[in-house]
Amino acid sequence: MKHTISVIVENKPGVLHRVSGLFSRRGFNIESLAVGTTEKPNTSRMTIVVDGDEQTLEQITKQLYKQIDVLKVFDLPEDQAIERELALIKVSANEKTRGEITQIADMFKARIVDVSENALMIEVSAEKEKVENMQKLLTKFGIKELVRTGKIALQKGSQ
């Protein structure tokens, strides 16, 4: 079972290395990891997606709290969080295919962020499945380059 874990840490050099090292030393595979500063400049939020049962999640949480720079750890169940992923997709395009590619981008509420003679770059922010579905539809045009952020998430409500 996949778990999305939110970890609030002190915004200091080496924290990401120590946290990711903890996962590798324990043999846990990180499926997705996104890190960025929070509303407080001295803290960062790590959104980590891992595969494991409840016991694994409990063990990960305990190990994270042993890290001196970790301030808070909590599980983000899918039904209690808003989750998104950002992707930039550079697709081969010509006069004949630009219209169809633009229609696909519109269907996914994506934006064309760069246009060149032989390519379009599309920015999409959506749930993981939607990003994957859009990527599949664009494959037939020839994806030149692709980058995805991994999942980011916040708990719903005022907590």
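The values are calculated or read from the model by the stated rules, or taken from the named source; none is laboratory data. Quick caveat: nothing in here was measured; it's all calculated off a predicted structure. Neighbour counts are summed over all protein chains in view; Cβ atoms, including those assigned to glycine, are modelled from backbone coordinates with ideal geometry.
Quick notes on this structure:
- Output for the range 119-131, where each listed residue is farther than 9 Å from residue 108 by Cα, of a type in the set (D, E, K, R) and in contact with a strand residue (DSSP E or B) (Cβ under 9 Å, 6 or more places away or on another chain): 123, 127, 128
- The listed residue being of a type outside the set (A, V, I, L, M, F, W, C) and within 15 Å of residue 9 (Cα to Cα), out of 84, 45, 98, 111: 45
- Residue 44 of a type in the set (Ser, Thr, Tyr), in contact (Cβ under 8 Å) with a residue 24 or more places away in the chain, touching a Ser or Thr at 6+ places or on another chain (Cβ under 6 Å) and closer than 22 Å to residue 80 by Cβ: yes
- Wholly within the range 49-116, strands (runs of 3 or more DSSP E) carrying at least 3 residues that are without any contact (Cβ under 8 Å) to a residue 40 or more places away in the chain and either farther than 23 Å from residue 35 by Cα or hydroxyl-bearing (Ser, Thr, Tyr) (or both): 111-115
- Some residue of the range 89-96 being within 19 Å of the chain's Cα centre (by Cα) and under 10 Å from residue 3 (Cβ atoms): no
- Checked against the criteria, residue 42 counts as loosely packed, with under 13 Cβ neighbours inside 10 Å and not β-branched (Val, Ile, Thr).
- Counting the residues of the range 45-84 that are surrounded by fewer than 17 Cβ atoms within 10 Å (Cβ to Cβ), within 21 Å of residue 18 (Cβ to Cβ) and in contact with a Leu (Cβ under 9 Å, 6 or more places away or on another chain) gives 2.
- Looking across the range 112-131, the residues that are farther than 17 Å from residue 97 by Cβ and either surrounded by 14 or more Cβ atoms within 10 Å (Cβ to Cβ) or hydrophobic (A, V, I, L, M, F, W, C) (or both) come down to 113, 123, 124, 125, 126, 127, 128, 130, 131.
- Residue 1 meets the conditions (1) in contact (Cβ under 8 Å) with a residue 40 or more places away in the chain; (2) surrounded by 12 or more Cβ atoms within 10 Å (Cβ to Cβ) in every case but one. The failed one is (2).
- Residues considered: 133, 118. Of these, the only one that is within 16 Å of the chain's Cα centre (by Cα) and not basic (Lys, Arg) is 133.
- Entry remark, the range 5-25: residues being more than 25 Å from residue 148 (Cβ to Cβ) and modelled with pLDDT under 90 number 1 in total.
- Selection of the range 119-154 for residues being in contact with a helix residue (DSSP H, G or I) (Cβ under 6 Å, 6 or more places away or on another chain) and either without any contact (Cβ under 8 Å) to a residue 12 or more places away in the chain or part of a strand (DSSP E or B) (or both) yields 120, 122, 124.
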